[in-house]
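The values are calculated or read from the model by the stated rules, or taken from the named source; none is laboratory data. Computed from a predicted structure; not experimentally measured. Cβ sites come from the backbone with ideal geometry, for glycine too, and all protein chains shown count toward neighbours. Accessible surface areas use protein heavy atoms only, side chains included; no ligands, DNA or RNA. Shrake-Rupley method; radii C 1.70, N 1.55, O 1.52, S 1.80 Å.
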Amino acid sequence: GILNPAASRVTVLGLGSMGSAIGRTFVERGYRTTVWNRTAGKSAPLVDVGATASATAAEAVAASPLVVVCLLDGAAVDEVLASVDDVVAGRVLVNLTSGSPAQARADERWVSEHGAEYIDGKIMGDPPYVGTPNFTVLLSGSRSAFDAHESALRVLGGVGYHGEDPGFAAVEFMAQVAMGYEMLIGFLHVLKLVRAEGGDVTEFAQRFAGSLAAYPPLLTGIAKAVASGEYPPDLGPLRVQAALMDDMIDHRESVGVETMRMRQVKELMDRRIADGHGEQGFSSLFELLAKEG
Ligand code: FVH
């Protein structure tokens with residue numbers, strides 16, 4: 001806070017629901033925190049707890065060696081960085097705005113060209129959890145900048161460093177979030193199946209949750225098979241697995257549940273078996289995916 005002049009200085013650009021939680025957390029942990037927001041009124045609550053508000057983004061950037069950016073999207077970041085321009089030189093800019101790997105790499109290029117170091121970050125968590133173990137920040141980019149400011153960044157919550165390529169935090173974010181949606185949309189279709197048969201969806205969810213312990217070794221085994229190209233009969237030989245797919249599809253048809261994904265799985269299995277790999281397992285379907293796209 002302002003009472004400890006030796007305290008580390010940090011600047012936060014963007015005081016939306018996420019940026020405000022980040023700024024507040026830095027103040028609470030004793031950082032000399034400078035904040036800026038396009039709509040100036042949003043700075044008031046941060047000033048009330050001890051932050052310093054700047055009139056412009058450039059002024060806020062000039063105040064600290066570490067600048068954390070948390071705006072709505074890539075367009076907002078581009079606009080704000082353009083207004084800051086060379087003031088960023090010599091600093092570390094940590095951009096926590098959502099965006100693609102390509103945007104992260106473009107932002108890194110801009111920041112490097114303006115004499116600063118770039119770290120891209122993707123947030124897994126919601127504003128109320130900032131500063132708690134239930135808040136994860138995936139980071140990638142300058143390793144030296146990460147090392148220099150790791151303790152400050154760990155104020156925000158769990159932090160993972162995913163390598164020098166500034167796009168890797170976004171890649172990890174896309175992968176983690178996509179896995180969630182892939183699994184959960186399937187879960188919704190299955191809840192419809194269970195309910196169509198008069199089952200109790202809550203009881204099913206508890207039983208299925210109990211079976212999740214089997215997944216970590218299964219996922220590790222599938223990843224090893226994909227990495228090595230050696231495919232054991234995981235989940236059993238494909239010719240055995242394929243035999244149940246028609247029943248699975250027919251049953252879902254009978255209760256009006258979506259069959260698109262199961263048909264995709266069956267089609268891949270049939271092709272893999274036709275190619276002579278009926279003794280390999282589920283992971284060997286990757287060979288067909290690898291050829292596509
Ligand atoms: N639960 C969440 O909030 C999710 C959790 C996961 C990560 N996301 C990402 O975090 C970024 C910020 O999200 P947010 O929730 O803080 O968003 P808002 O509350 O809408 O605040 C947006 C801030 O961005 C400023 N802003 C927008 N456009 C511009 C612009 N062209 N120039 C300057 N600033 C801009 C806006 O300013 P103002 O409207 O108050 O003047 C806010 O400060 C986001 O990437 C999420 O995907 C959050």
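From (1) touching a strand residue (DSSP E or B) at 6+ places or on another chain (Cβ under 6 Å); (2) open to solvent by less than 50 Å² (accessible area, probe 1.4 Å), pick out the condition that doesn't hold for residue 167.
(1)
Do you know which of the residues in the stretch 115-146 that are of a type in the set (Phe, Trp, Tyr) and assigned to a helix (DSSP H, G or I) is nearest to the ligand (Cβ to nearest atom)?
129
Which residue is surrounded by the most Cβ atoms within 10 Å (Cβ to Cβ), if the candidates are limited to the stretch 233-284 and must be hydrophobic (A, V, I, L, M, F, W, C) and part of a loop (DSSP other than H, G, I, E, B)?
Per the stated criteria, the residue is 257.
Under the condition of being open to solvent by less than 70 Å² (accessible area, probe 1.4 Å), in a loop (DSSP other than H, G, I, E, B) and not hydroxyl-bearing (Ser, Thr, Tyr), which residue from the stretch 50-89 is farthest from residue 118 (Cα to Cα)?
50
Filter the stretch 147-159 down to the residues that are outside any helix (DSSP H, G or I) and touching a Ser or Thr at 6+ places or on another chain (Cβ under 7 Å), then identify the one that is farthest from residue 33 (Cα to Cα). Lay out the reasoning, then the answer.
Keep residues of the stretch 147-159 that are outside any helix (DSSP H, G or I), which gives 154-159.
Those still in the list that are touching a Ser or Thr at 6+ places or on another chain (Cβ under 7 Å) too: 155-158.
Numbers: 155: 13, 156: 14, 157: 17, 158: 21 Å.
The selected residue is 158.
When the residues of the stretch 197-232 are filtered to those that are closer than 24 Å to residue 280 by Cα and among the aromatic types (Phe, Trp, Tyr), which remaining residue is surrounded by the fewest Cβ atoms within 10 Å (Cβ to Cβ)?
215
Is there a residue in the stretch 31-41 that is within 15 Å of the ligand (Cβ to nearest atom) and touching a residue at least 60 places away in the same chain (Cβ under 8 Å)?
No, the conditions are met nowhere in the stretch 31-41.
Taking residue 37 as the residue in question, decide whether it is buried (at least 16 other Cβ atoms within 10 Å of the Cβ), in contact with a strand residue (DSSP E or B) (Cβ under 9 Å, 6 or more places away or on another chain) and over 23 Å from residue 141 (Cα atoms).
Criteria met by residue 37.
Can you name the residue in the stretch 90-114 that is of a type in the set (A, V, I, L, M) and not in a loop (DSSP other than H, G, I, E, B) and is also farthest from the ligand (Cβ to nearest atom) among such residues?
Top of the filtered list is 92.
Any residue in the stretch 116-136 that's at positive phi and surrounded by 21 or more Cβ atoms within 10 Å (Cβ to Cβ): show its pairings with residues that are in a helix (DSSP H, G or I) and not aliphatic (A, V, I, L, M) at Cβ separation under 7 Å, as long as the two are six or more apart or on different chains.
No pair meets every condition.
For residues that are among the basic types (Lys, Arg) and either within 23 Å of residue 98 (Cβ to Cβ) or without any contact (Cβ under 8 Å) to a residue 60 or more places away in the chain (or both), scanning just the stretch 4-30, find the one that is nearest to the ligand (Cβ to nearest atom). Before the answer, list the steps.
Residues of the stretch 4-30 that are among the basic types (Lys, Arg), as a first pass: 9, 24, 29.
Now restrict to residues that are either within 23 Å of residue 98 (Cβ to Cβ) or without any contact (Cβ under 8 Å) to a residue 60 or more places away in the chain (or both): 9, 24.
Values: 9: 20, 24: 12 Å.
This residue is 24.
Determine the pairs where a residue that is more than 8 Å from the ligand (Cβ to nearest atom) and at pLDDT 95 or above, located within the stretch 69-83, has a partner that is open to solvent by 40 Å² or more (accessible area, probe 1.4 Å) and not in a loop (DSSP other than H, G, I, E, B) with Cβ atoms under 6 Å apart, the partner being 6 or more residues away or on another chain.
The qualifying pairs are 74/103.
Take the stretch 40-49 and flag every residue that is open to solvent by 20 Å² or more (accessible area, probe 1.4 Å) and either of a type in the set (A, V, I, L, M, F, W, C) or touching a helix residue (DSSP H, G or I) at 6+ places or on another chain (Cβ under 8 Å) (or both).
Listed by number, the residues that qualify are 40, 42, 44, 45, 47, 49.
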